[in-house]
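Right, one structure below, let's go through it.
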Amino acid sequence: MLQGARLTTWELKKKGIDVTLICDSMAATLMRKRRIDKVITGADRIATNGDTANKIGTYNLAVLSHYHNIPFYVATPLSTFDFKIKTGRDIPIEERPAFEVTELFFKRPIARKDTKVFNPAFDVTPHNLITAMVTDKGIIKPPYRKNIERIISKERLND
C-alpha cells in the first residue's frame, strides 16, 4: 500500500535522514551499479530460527542483497519474536483484498474486473539471508536460534 512512499519517507525525513524514494523494481539495477551499500528493513514477526515475516517484497530485497554481497539487516523490537513459531513456514500470511491492486487509490479501476489477483501482505525471508538483527536490546547475529534465545533469556532476567 505504498507504505515506503507514504510513511517511511516521512519518518526518515522527520529524523533528518537523507531519503531517495525508488520503485521496488529498481533495487536490482541500483545494487548492480553499487549505489546501495546496505539494506535495513523492519519485521512484523520473527520465528525462533530467525526467519522473518515483513511487508511483501522484503524477501526479494534479501535475495538481491545476497546475490550482490550487500549486508541485509532487520531492525526490530524484541516484541516481534514469536516463540510459538519455529520457522517461517509456520508464520500465517494475510491475503489482502484484490481491489488494492486493481483500483487506483480505491477510486478508479486499473485492471479488468475479472482479473485474478494474488495479494499477500507479507513474505518470509529465510534467516540465512539476514546479516544481523538490530533490536532494542542489542544486535543478534547468526546462529540465530541460539542467539535469539540468549538475548531473550537475558531480557527475562532483567524483568
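The values are calculated or read from the model by the stated rules, or taken from the named source; none is laboratory data. Since the structure is predicted, the reported quantities are computational estimates derived from the model, not experimental observations. With ideal geometry, Cβ positions are generated from the backbone for all residues, glycine too; neighbour counts draw on all protein chains shown.
Can you pull out every residue in the stretch 133-159 that is surrounded by 11 or more Cβ atoms within 10 Å (Cβ to Cβ) and touching a Pro at 6+ places or on another chain (Cβ under 8 Å)?
The one that is surrounded by 11 or more Cβ atoms within 10 Å (Cβ to Cβ) and touching a Pro at 6+ places or on another chain (Cβ under 8 Å): THR135.
So, in the stretch 1-55, exactly how many residues are of a type in the set (Val, Ile, Thr) and exposed (fewer than 10 other Cβ atoms within 10 Å of the Cβ)?
2
If I filter the stretch 106-140 down to residues being closer than 19 Å to ILE85 by Cα and outside any strand (DSSP E or B), which single residue comes out as modelled with the lowest pLDDT?
Out of the qualifying residues, it is ALA121.
Out of ARG145, ARG89, which single residue is at pLDDT 95 or above and assigned to a helix (DSSP H, G or I)?
It is ARG89.
Within the stretch 31-40, does at least one residue satisfy the condition of being at pLDDT 95 or above, part of a helix (DSSP H, G or I) and more than 22 Å from ILE139 (Cβ to Cβ)?
Yes: one or more hits.
Can you find, within the stretch 58-86, the residue that is surrounded by the most Cβ atoms within 10 Å (Cβ to Cβ) among those that are of a type in the set (Val, Ile, Thr) and farther than 20 Å from ALA27 by Cβ?
THR76
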